[in-house]
Amino acid sequence: MKLNRKLAVLAILGMTGLFANGVSNVNTLVNKINTTKDVKERGILLKKLDKELSTMDKKELPAAQEIVNSKLKLSKVMEK
């Protein structure tokens, strides 16, 4: 019984770590996009962000999308 509990706790901790890692990557990419001035570099980072969001678990996606919607700042050049 104790072994089952320990395994369950480890599984929960592992999933929590994975969740935090995915959202953390999105947050880092959004910050890099906001701070870069080079249009080509920004495009590359936007593609990386898109790839990160497309491979993300369904449970993580709402939190990641909230970060993108609230923090991502695109210049007028990028919007056209």
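The values are calculated or read from the model by the stated rules, or taken from the named source; none is laboratory data. Bear in mind the structure is a predicted one, so any value in this text is a computation, not a measurement. Surface accessibility is based on the protein's heavy atoms, side chains included, excluding ligands, DNA and RNA. Shrake-Rupley method; radii C 1.70, N 1.55, O 1.52, S 1.80 Å.
Using the alpha-carbon positions of the stretch 22-71, Rg (one decimal) and Dmax (whole number) come out as 10.5, 33 Å. The 1.4 Å probe gives accessible areas that order 28, 35, largest first, as 35, 28. Lys-Lys pairs in the stretch 22-71 that are eight or more residues apart or on separate chains and whose Cα atoms lie under 23 Å of each other come to 22.
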